[in-house]
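In what follows, a structure is listed as structure tokens, so that the remarks can point back to it.
The values are calculated or read from the model by the stated rules, or taken from the named source; none is laboratory data. Note that this is a predicted model, so its numbers are computed, not measured. We place every Cβ from the backbone using ideal geometry, glycine too, and count neighbours over all the protein chains shown. Each accessible area value is taken on the protein alone, full model and side chains, heavy atoms only, with ligands, DNA and RNA left out. Shrake-Rupley method; radii C 1.70, N 1.55, O 1.52, S 1.80 Å.
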Number of protein chains: 2
Amino acid sequence: MHKAVRDLLSKMDRNDVTIPLIATEAGVTPSTIYRRWGDLQELLADVAVERLRPDAPPKDTGSARTDLEQWAEQYADEMASGPGRAMIRDVLSSVGADTRNAGKCCGYTREQLQVIADRARDRGEVFPDVEAVIDEVVAPIMYRILFDQAPPTSAKVLSLVERMLPARRAT
Amino acid sequence: MHKAVRDLLSKMDRNDVTIPLIATEAGVTPSTIYRRWGDLQELLADVAVERLRPDAPPKDTGSARTDLEQWAEQYADEMASGPGRAMIRDVLSSVGADTRNAGKCCGYTREQLQVIADRARDRGEVFPDVEAVIDEVVAPIMYRILFDQAPPTSAKVLSLVERMLPARRAT
DNA sequence: AACTAAAAGCAAATTATTTGCTTTAGTGAC
DNA sequence: GTCACTAAAGCAAATAATTTGCTTTTAGTT
């Protein structure tokens, strides 16, 4: 079912996919989908959460600073892209008891940052608390993407990272 | 029309309001609404943006620090409440060309913060740039509300504010 | 008053959603 | 292996929402 949705989303406008369409694509009857998910919103949210799950830990670039820089830039790019924004919207739009969907995404981010933080500790580097990174790097990026006309530039993302970390030693 | 939607939202579950219902409440035919707004999402977004517009400038409490503290606490409370969260969701869910809706909300916030900043300047106080306040206070609050299980506590909000401002002099 | 353009009404056609009932597929007991 | 039993899926009819073409009203202009 998830595959059918992904296929359709890649082929057509997000506003044109309907449950009967997905059912046909998946070779299934619509009522099956209605009974399992309730409505399109929930199904799309489900698919979006899956697609937002990182498929690999952040790249190890040798230092916490560059790890975080690269991770943050990639995160910002992915989330600010058309598909990225659509997925975030889908996740946030699923109603009712489900703060769980959005919570999962936040959880993925925490896990990724924790990997970077653990590596930093293992190297003996100082590194801020993951929650602080969420407040000072992740949150501003996401806020700009969701509410602002222009997504954060690469320079902006880097400046957020710099603010988190101890001053760079002169080369 | 907006009034009809507000009345219905106060009476019943958000997931049970439909366009035909709103049309009846407003004494209007459904096709009128479909033609003007396209779908329920857009109409709800429209109403939500209106309700999110502040009805007064931030209270003048005598100092930039307390102005910002009080504003931030009220902002966090309103946005984290059930209705607040629903309105944010409605605003973010409106699709298509409309980053405009979310942009308006961001604009309201900017205006409010600018009032506080201008007052601070008039008093001769130092005060950070509004964009920095958005990054370091507003964004973390909103991120926690949208993605985290628990909304930010009052203490958390205050600590975000403190970080923005020059150290408080000992009394 | 007559003309015009935009908005609203109306109703038929289409499409999506819900629901009761039937069928199928999978699981464990014997 | 076969027989119940359960959970999920199919099917189809009923209901509800959405779209659309066309007519009517409304408000503004001459």
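Values computed for the structure shown
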| item | result |
| --- | --- |
| Calculated diffusion of the stretch B:19-171, Stokes-Einstein form, Kirkwood radius summed over Cα pairs, 25 °C and 0.890 mPa s, µm²/s | 143 µm²/s |
| Neighbourhood net charge (11 Å Cβ-Cβ; Lys/Arg +1, Asp/Glu -1) for A:Ala155 | -1 |
| Theoretical FRET efficiency, 1/(1+(r/R0)^6), r = Cβ-Cβ of B:Thr18 and B:Arg100, R0 30 Å, to 0.05 | 0.75 |
| Over chain A: helical MRE at 222 nm, DSSP H runs n ≥ 4 each giving -39500 (n - 2.57), nearest 500 | -21000 deg cm²/dmol |
| Average other protein chain Cβ within 10 Å of Cβ, residues B:145-153 | 5 |
| Heavy-atom accessible area order for A:Arg121, B:Arg36, largest first, 1.4 Å probe | B:Arg36, A:Arg121 |
| B:Ala132/A:Val126 FRET efficiency (R0 25 Å; Cβ-Cβ; nearest 0.05) | 0.60 |
